[in-house]
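Okay, structure first, notes after.
The values are calculated or read from the model by the stated rules, or taken from the named source; none is laboratory data. Please read these numbers as outputs of a predicted model, since none were measured by experiment. Don't worry about glycine lacking a Cβ; one is built from the backbone with ideal geometry, like all the others, and counts go over all protein chains shown.
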Amino acid sequence: MKRLPIGILGSGKGSNCRAIFERIRSGDLSAEARLVVSDVLDAPILDIAREFGVANAYLPPGRFRTRLEPEIEEQLVKMLRDAGVELVVLAGFMRVLREPMLKAFPRRIINIHPSLLPKFPGLESWKQALVADETVTGCTVHYVDERIDHGQILAQEEVRILPNDTPESLHARIQILEHKLYPAVIAEFCETYSKRVGGSPDE
Ligand code: GRF
């Protein structure tokens, strides 16, 4: 099966990135990680890329807090294109992508979010779910569009909220599911890609 070239963007600890790399390494996921990019110089996700021998780069984000400067976003597009990336995987990337990326990779940017969207977009969704007295929350993989944690939903997993849950315990259980759900969704993209481009089984 021809491997799907992916690029991963993240700002933080990179546990989803690690889960994806582990599935690739074990042969379960027919993807090839071409590049990891972070807007945070010392983000652990960059260390994970180094650990797995994946090309990685720090992209200084510029003067805005919640998005990239347009010229920098153009630079990001070029980096991903030069690396031959077909699917952009957001794994804890804390900036909103705008037109340069959305136009360059239409329906080819996905995100994982720790709630059952459309409920609780934004920050610390597990805390939002606790405050709202929900009994169930979860995680969602969705296409990225111009709005925060919006875009067409691709898959969801539910997590029961227990009476003694703390924000930490709940977030930890959500992340365990994220690490299964994200590679599973990427595997579907891999199948579609391999059907589209063809190729021999050992590629
Ligand atoms: C995850 O909880 C994901 O849902 C959210 O950001 C977090 C990233 O965690 N978008 P990690 O860096 O992959 O550990």
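A few points about this structure:
- TYR193 meets each of the listed conditions (1) away from the ligand (no atom under 16 Å from the Cβ); (2) among the aromatic types (Phe, Trp, Tyr); (3) not in a helix (DSSP H, G or I) apart from (3).
- Among the residues of the stretch 1-56, those identified as assigned to a loop (DSSP other than H, G, I, E, B), more than 9 Å from the ligand (Cβ to nearest atom) and farther than 21 Å from ARG196 by Cβ are SER26, GLY27, ASP39, VAL40, LEU41, ASP42, PHE52, GLY53, VAL54, ALA55.
- In the stretch 49-72, the residues that are more than 29 Å from GLU146 (Cβ to Cβ) and either touching a helix residue (DSSP H, G or I) at 6+ places or on another chain (Cβ under 6 Å) or touching a residue at least 40 places away in the same chain (Cβ under 8 Å) (or both): PHE52
- When each of GLU168, GLU178, GLU134, GLU188 is tested for being under 21 Å from ARG18 (Cβ atoms) and surrounded by 15 or more Cβ atoms within 10 Å (Cβ to Cβ), the lone residue that passes is GLU178.
- The residue pairs whose first member lies in the stretch 18-47 and is without any contact (Cβ under 8 Å) to a residue 12 or more places away in the chain, whose second member is assigned to a loop (DSSP other than H, G, I, E, B), and whose beta carbons are closer than 7 Å, counting only pairs six or more residues apart or on different chains, do not exist in this structure.
- Residue pairs meeting the criteria (Cβ under 6 Å; at least 6 apart or on separate chains; first over 14 Å from PRO61 (Cα atoms), in the stretch 5-17; second within 6 Å of the ligand (Cβ to nearest atom) and in a loop (DSSP other than H, G, I, E, B)): ILE8/ALA91; GLY12/GLY92; ASN16/ALA91; CYS17/GLY10; CYS17/ALA91
Yes or no, residue by residue, for (1) in a strand (DSSP E or B); (2) over 25 Å from LEU46 (Cα atoms); (3) modelled with pLDDT of 95 or more; (4) within 11 Å of the ligand (Cβ to nearest atom):
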| residue | (1), (2), (3), (4) |
| --- | --- |
| GLN75 | no, no, yes, no |
| ARG81 | no, no, yes, no |
| GLY84 | no, no, yes, no |
| VAL88 | yes, no, yes, no |
| PHE93 | no, no, yes, yes |
| PRO100 | no, no, yes, no |
| LYS103 | no, yes, yes, no |
| LEU116 | no, yes, yes, no |
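- Qualifying residue in the stretch 127-140 (condition: part of a loop (DSSP other than H, G, I, E, B) and under 24 Å from LEU97 (Cβ atoms)): no
- Odd one out for GLN128, checked against (1) out of contact with any Gly (no Cβ under 7 Å at 6 or more places or on another chain); (2) buried (at least 17 other Cβ atoms within 10 Å of the Cβ); (3) touching a residue at least 24 places away in the same chain (Cβ under 8 Å): (3)
- Selection status of LEU41, surrounded by fewer than 20 Cβ atoms within 10 Å (Cβ to Cβ) and either at negative phi or out of contact with any Cys (no Cβ under 6 Å at 6 or more places or on another chain) (or both): yes
- Subset of the stretch 136-151 [within 13 Å of the ligand (Cβ to nearest atom) and β-branched (Val, Ile, Thr)]: THR137, THR140, VAL141, VAL144, ILE148
- Condition check for LEU80: surrounded by 13 or more Cβ atoms within 10 Å (Cβ to Cβ), hydrophobic (A, V, I, L, M, F, W, C) and more than 23 Å from ALA19 (Cα to Cα): no
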